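Below is one structure, written out as structure tokens, with a few remarks after it.
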Number of protein chains: 6
Amino acid sequence: MFPNKKVQKLVGSKIQVEMKGNLHLLEGTLKSADDYLNLHLVDTVEISEGEKLRSLGSVVLRGNNIILVTPLE
Amino acid sequence: MFPNKKVQKLVGSKIQVEMKGNLHLLEGTLKSADDYLNLHLVDTVEISEGEKLRSLGSVVLRGNNIILVTPLE
Amino acid sequence: MFPNKKVQKLVGSKIQVEMKGNLHLLEGTLKSADDYLNLHLVDTVEISEGEKLRSLGSVVLRGNNIILVTPLE
Amino acid sequence: MFPNKKVQKLVGSKIQVEMKGNLHLLEGTLKSADDYLNLHLVDTVEISEGEKLRSLGSVVLRGNNIILVTPLE
Amino acid sequence: MFPNKKVQKLVGSKIQVEMKGNLHLLEGTLKSADDYLNLHLVDTVEISEGEKLRSLGSVVLRGNNIILVTPLE
Amino acid sequence: MFPNKKVQKLVGSKIQVEMKGNLHLLEGTLKSADDYLNLHLVDTVEISEGEKLRSLGSVVLRGNNIILVTPLE
């Protein structure tokens, strides 16, 4: 299964995303993902060193600025 | 609904955008958005730590330099 | 009107451009713009904190390295 | 053999990946790779100066943020 | 004339290029340019604050990492 | 000859590559190159200020993260 399909299979579950820029890790529930890895997350929180920094709610992330996506057990 | 369509549904409402580069958060009313997440905002202001830094008015943002788009309630 | 068309409508007027990299703000007259937001500016000057730093004359800017385009009244 | 095919031939073996952003080196077993060099790794660990920093498990890496892929003997 | 055609018209003349990354300004004679603004320069030198730092000779520059191209009178 | 063809003509010879990210200069023998400037190098070494830092062996480099390619005499 190609990497983008692997991400699309995670729709409905919680994921962790590392972005470029000044954001720390984001955690949220994946609502949708396209083939460019653009992601729509809900109930998103920003995490730093295991602590919740901010609630971001519903966010759309631009695929080319995503470094890494990992499922949360 | 794919992430870019989710953004296009926000046309007419206020959004917050985090960009790459030295800009802080931008807030404005979304006038248009294409499939690459290029955005046209009006009444745009730059925000830092909850404070308004600058008024930017009408701006076009290049989609690939957008980190995150979030609706403002 | 899509964001790239909004920029193309600014051909002939003065615009301000924020780029990635070490450049400060650029101001110039937009000569041409394509759908990727590659821009050709003339009479371009680099601005820092309201002061003119350098005259750059005729420049071509790569669209993917543009953060923000805004019309100058 | 083109570079993306060279990477696809590494499916099933251990590779090392250097990413943009704040991550150190990643090492893991390559599960899949597409033509954009999007990668799915399993048993992924983050490495710094020869030391294991963190276990990341199953991760998807966005191709355009990959600097370098190298096979591990 | 679109911005990439403007650059292609500079084939044979001296140009200055600002790149992303740690390089300073590059100056050289443009040998070829494609529609992505990938450039082949010859007799290239790296410049910092008006001083020649290094001779680089024949170089190929990746278009997406070019910030700005300007003709040298 | 377009810039990507110029690079493809270097297959079999030694080249120097400057990448984005924390890597220093890379030197190696070019095994293959596609139109996106994705490169496969063998016998690759990382160089800093004329000194060999590390041997990297066989590496694949993502084209969009390449700043500059130059042939080594």
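The values are calculated or read from the model by the stated rules, or taken from the named source; none is laboratory data. Remember, predicted model here, so these are calculated numbers, not experimental data. Ideal geometry is used to build each Cβ from the backbone, glycine not excepted, and the neighbour counts take in all protein chains shown. The accessibility values were calculated without ligands, DNA or RNA, using every heavy atom of the protein model including side chains. Shrake-Rupley method; radii C 1.70, N 1.55, O 1.52, S 1.80 Å.
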Exercise for review: State, to one decimal in nm and shortest first, how far the label point of residue C:24 sits from each corresponding label point in the other identical copies (label point: 7 angstrom along Cα-to-Cβ).
Suggested key: 2.0, 2.0, 3.4, 3.4, 4.0
Check your understanding: Using a label position 7 Å from Cα in the Cα→Cβ direction, what is the ascending list of nm distances from residue E:35 to the same site in the other copies?
Key -> 1.0, 1.0, 1.7, 1.7, 1.9
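What is the percent carbon and sulfur in the accessible area of segment A:3-71, measuring with a 1.4 Å probe over the protein chains and ignoring ligands?
Details: 1260 of 2720 Å².
Reported share for carbon and sulfur atoms: 46 percent.
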Check your understanding: So what's the gap between the Cα centers of segment B:4-51 and segment D:36-67, to the nearest angstrom?
Key -> 31 Å
Exercise for review: Could you please point out the chain B residue with its Cβ nearest to the axis of the rotation taking chain B onto chain C, and the distance in whole angstrom?
Suggested key: B:64, 5
Revision key, fill the gap. Taking a crude spin-label model, label points 7 Å out from Cα along the C-beta direction, the residue D:51 to residue C:58 distance in nm is 5.7 nm
Review point. GNM, chain A, Cα, under 10 Å: largest mean-square fluctuation among A:51, A:27, A:18?
Key: A:51
Study note, to complete from the structure: Between residue F:1 and residue F:43, the two model label points (7 Å from Cα along the beta-carbon direction) sit apart by a distance in nm of 2.1 nm
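Compactness ratio of segment E:3-71: Cα Rg over 2.2 N^0.38 Å, N = residue count? List each step's numbers first, then the result.
Values: Rg = 10.9 Å, N = 69, 2.2 N^0.38 = 11.0 Å.
This ratio for segment E:3-71 stands at 0.99.
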Practice item. Pull out a ≥ b ≥ c, the square roots of the eigenvalues of the alpha-carbon gyration tensor of the protein assembly as shown, then state rounded if a/c is under 1.5, prolate if not and a/b is larger than b/c, and oblate in the remaining case. Key: oblate
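Calculated from DSSP H runs of 4 or more alone, at -39500 (n - 2.57) each and per residue, what is the 222 nm mean residue ellipticity of chain C, nearest 500?
Working: 1 runs with 6 residues, N = 73.
That calculation yields -2000 deg cm²/dmol at 222 nm.
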Exercise for review: Could you pull the copy-to-copy label distances for residue F:50, with points set 7 Å along Cα to Cβ, in nm to one decimal and sorted shortest first?
Suggested key: 2.8, 2.8, 4.8, 4.8, 5.6
Practice item. List the relative contact order of chain D as a percent without decimals, with contacts defined as Cα pairs under 8 Å and 6+ residues apart. Key: 32 percent
**Study point:** Label point 7 Å beyond Cα of residue D:22 along Cβ direction - residues of segment D:35-73 with amide nitrogen under 15 Å
**Key:** D:54
